[in-house]
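First comes the structure, then the notes that go with it.
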Amino acid sequence: MASSDPKAHNNPDFQLQEIFNVKDKVCLVTGGGSGIGLMLVQALAVNGAKVYICGRTEEKLQQVADTYNQGISGQIIPITCDISKKNEIAGLYDQLSKKEQRLDILINNAGISTKTFQTEASSADEMKKNLFENQDATFEDWDDIYRTNVSQCWFMSTAFLPMLDKATQQQHGWSSTIINITSISGQVKTSQHHPQYNASKAAQIHLTRMLAEEIQVNGLKIRVNNIAPGVFPSEMTAGESGANQKSHVPKDKYESKVPAARPGNDRDMAGTLLFCATCQYLNGQTITVDGGYTLAAGR
Ligand SMILES: NC(=O)c1ccc[n+]([C@@H]2O[C@H](COP(=O)([O-])OP(=O)(O)OC[C@H]3O[C@@H](n4cnc5c(N)ncnc54)[C@H](OP(=O)(O)O)[C@@H]3O)[C@@H](O)[C@H]2O)c1
């Protein structure tokens, strides 16, 4: 029953360091060596979390660890792994489970985008030429995208369930969490000239909700959500990154496409992640962070 004593209050619960507390959390971020992944890694490690990062390129991961481990209360630990291969996922689980008792936060961020296509056409023949006869339009390309953006996400999540479950069991008031990085590309009605990427991201959004459902039906307390970003600087959007593994997208490139009139930045992504990771009442949801992109583009 609520206290009628005006002096009894729970104000400390409302402090930022209570609500968004990720101190000492054990995390794994796939694709943590650049772009959005690196933003997520910093948001956690700067606030005291122990963050394992994986990707296929050892130098990128080591560069991130060397650059961003300094002067922070958490830790960044690189492990090379191709998460589109089941045996490598199993190996990653073995490595991590030998080092850690539990996994508090799993972020399936790694993703790829491949070929683009001209979808605009003035006749059926032209549309067929662009989208079917084009040398780049192959089943293999669709398979590659699905393998990295969709299937991988399912296998990474199911592989790590035992460590995620232990995290919930071991910490009163904490439910471990899987956060998938999807995209507004899976929400907008247009293909944005890469239909295979957009279809994969829509599938990944559905996968998130489906996985959340299968987990809760089995009585496990592991929350599964996804963040659908709009445009953020990364190797995918800028084509490269600098010596500090950060990328740059010119502001004017998206000025007319995004109501915010700019690409997203580190703080936009950090705030979204800390909310998703710590809000114990959030499950099965998509959090779109896009500066209003989908408002303008339409879903
Ligand atoms: N940037 C945007 O505007 C935007 C918008 C919406 C959604 N997203 C999503 O955000 C996520 C991150 O992408 P990003 O934009 O930050 O691009 P990015 O800089 O290219 O980052 C992707 C990371 O994933 C890693 N990766 C790719 N395939 C992998 C594999 N098989 N195994 C392990 N790691 C792998 C890459 O490292 P290696 O190549 O070294 O393996 C790379 O560090 C993706 O899922 C993307 O679809 C991005």
Item to complete: Take the stretch 1-54 and flag every residue that is farther than 19 Å from GLN101 by Cα, surrounded by 13 or more Cβ atoms within 10 Å (Cβ to Cβ) and more than 16 Å from the ligand (Cβ to nearest atom).
Response: PHE20, ASN21, VAL46, ASN47
Worksheet item: Any idea how many residues of the stretch 55-83 are assigned to a loop (DSSP other than H, G, I, E, B) and either surrounded by 14 or more Cβ atoms within 10 Å (Cβ to Cβ) or of a type in the set (Phe, Trp, Tyr) (or both)?
Response: 7
Worksheet item: What about CYS27, is it touching a Phe, Trp or Tyr at 6+ places or on another chain (Cβ under 9 Å) and either under 18 Å from SER176 (Cβ atoms) or not polar (S, T, N, Q) (or both)?
Response: yes
Discussion item. Considering only residues that are under 30 Å from GLY239 (Cα atoms) and either among the hydroxyl-bearing types (Ser, Thr, Tyr) or touching a Cys at 6+ places or on another chain (Cβ under 6 Å) (or both), which ones fall in the stretch 1-41?
Written reply: THR30, SER34
Discussion item. Looking only at residues that are polar (S, T, N, Q) and in contact with a helix residue (DSSP H, G or I) (Cβ under 8 Å, 6 or more places away or on another chain) in the stretch 111-139, which one is nearest to THR30 (Cα to Cα)?
Written reply: SER113
Worksheet item: Among (1) surrounded by fewer than 22 Cβ atoms within 10 Å (Cβ to Cβ); (2) assigned to a loop (DSSP other than H, G, I, E, B); (3) under 13 Å from the mean Cα position of the chain (by Cα), where does GLY219 come up short?
Response: (3)
Fill in: Every residue from the stretch 76-94 that is more than 13 Å from the ligand (Cβ to nearest atom) and either in contact (Cβ under 8 Å) with a residue 60 or more places away in the chain or of a type in the set (A, V, I, L, M, F, W, C) (or both)
ILE76, ILE77, ALA90, TYR93
Worksheet item: For the stretch 120-158, which residues satisfy the criterion of being within 28 Å of the chain's Cα centre (by Cα) and part of a loop (DSSP other than H, G, I, E, B)?
Response: ASP136, ALA137, THR138
Worksheet, complete the sentence: The one condition THR119 fails out of (1) under 27 Å from LYS60 (Cα atoms); (2) β-branched (Val, Ile, Thr); (3) out of contact with any Phe, Trp or Tyr (no Cβ under 6 Å at 6 or more places or on another chain) is (1)
Discussion item. Here are the criteria: (1) of a type in the set (Phe, Trp, Tyr); (2) within 19 Å of LYS25 (Cα to Cα); (3) assigned to a loop (DSSP other than H, G, I, E, B). Tell me which single one TYR93 does not satisfy.
Written reply: (3)
Worksheet item: Do we have any residue at all in the stretch 247-269 that's part of a helix (DSSP H, G or I) and among the β-branched types (Val, Ile, Thr)?
Response: no
Item to complete: Take the residues in the stretch 166-197 that are out of contact with any Ser or Thr (no Cβ under 7 Å at 6 or more places or on another chain) and more than 15 Å from the ligand (Cβ to nearest atom), then tell me which one is nearest to ILE287 (Cα to Cα).
Response: THR177
Item to complete: Return the total of residues in the stretch 201-235 being touching a residue at least 24 places away in the same chain (Cβ under 8 Å) and either farther than 21 Å from CYS276 by Cβ or more than 9 Å from the ligand (Cβ to nearest atom) (or both).
Response: 18
Worksheet item: Which of the following residues is of a type outside the set (Gly, Ala, Ser) and surrounded by 14 or more Cβ atoms within 10 Å (Cβ to Cβ): LYS86, LYS115?
Response: LYS115
Item to complete: Please find, among SER97, SER73, SER122, the residue that is among the small types (Gly, Ala, Ser) and free of Cβ contacts under 8 Å to residues at least 24 places away in the same chain.
Response: SER122
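Values in this text are rule-based calculations from the coordinates and carry no lab data. Keep in mind the model is a prediction, meaning the values are calculated, not measured. Quick reminder, even Gly has a Cβ in these numbers, built from the backbone with ideal geometry, and neighbours come from all protein chains shown.
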